[in-house]
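First up is the structure itself, then whatever we jot down about it.
The values are calculated or read from the model by the stated rules, or taken from the named source; none is laboratory data. If you're wondering where the values come from, they're calculated on a predicted model, not measured in any experiment. Note: ideal-geometry Cβ built from the backbone for every residue, glycine included; neighbour counts use all protein chains shown.
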Amino acid sequence: MTTASEISVASDGQVTSDVLLLGAAGNSGRLIAAELASRGLSVRLAGRRRGPLEDLAGEAAQRFHDSLTAPSKQLAWFESSAHTPHLEEPAKFRDLLMNVRASQLTST
């Protein structure tokens, strides 16, 4: 397992750190990823086995979602998208927006 990190300072003086964790699919990698994330670091996962990496990413997303306090929240996955789900999965994106708007209208 290998890690590489980059520390940067934003214009507002906020220090951020990104960590690339190679070998994250194994048990030790999972534990290290969880520890780094709990310390507020941005963690990028890499490994040879896609399935365990996807499981780990899903667990992390669910933990983050569960930690949010909001009157209403929903965790949505865009599995075929990278950074532009509104372009890569427009029907799913539109349906999600329509559901959010519908819930806003019914709660008022």
Which residue is nearest to residue 57 (Cα to Cα), if the candidates are limited to segment 77-108 and must be β-branched (Val, Ile, Thr) and surrounded by 10 or more Cβ atoms within 10 Å (Cβ to Cβ)? 84
Does residue 87 satisfy the condition of being assigned to a helix (DSSP H, G or I), modelled with pLDDT of 80 or more and more than 23 Å from residue 36 (Cα to Cα)? yes
What number of residues within segment 60-84 satisfy the criterion of being under 24 Å from residue 34 (Cβ atoms), of a type in the set (Ser, Thr, Tyr) and in a loop (DSSP other than H, G, I, E, B)? 1
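Evaluate the following for residue 45: is it modelled with pLDDT of 80 or more and part of a helix (DSSP H, G or I)? Write out each step before concluding.
Working: modelled with pLDDT of 80 or more: yes; part of a helix (DSSP H, G or I): no.
When the stated conditions are applied, residue 45 does not pass them.
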Just give me the residues in segment 18-42 being modelled with pLDDT under 80 and of a type in the set (Asp, Glu), in sequence order. 18
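Does segment 28-58 hold any residues that are of a type in the set (D, E, K, R) and farther than 21 Å from residue 17 by Cα, and which are they?
Taking segment 28-58 and keeping what is of a type in the set (D, E, K, R), we get 30, 35, 39, 44, 48-50, 54-55.
If the condition is that a residue be of a type in the set (D, E, K, R) and farther than 21 Å from residue 17 by Cα, then 48, 49, 50, 54, 55 are the ones that fit.
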It is to be established whether one or more residues within segment 22-37 are of a type in the set (Ser, Thr, Tyr), without any contact (Cβ under 8 Å) to a residue 60 or more places away in the chain and under 30 Å from residue 102 (Cα atoms). no
Any chance you could count how many residues in segment 35-76 are loosely packed, with under 11 Cβ neighbours inside 10 Å and closer than 28 Å to residue 104 by Cα? 9
What tally of residues in segment 90-108 results from selecting those that are in a helix (DSSP H, G or I), more than 28 Å from residue 50 (Cβ to Cβ) and not charged (D, E, K, R)? 10
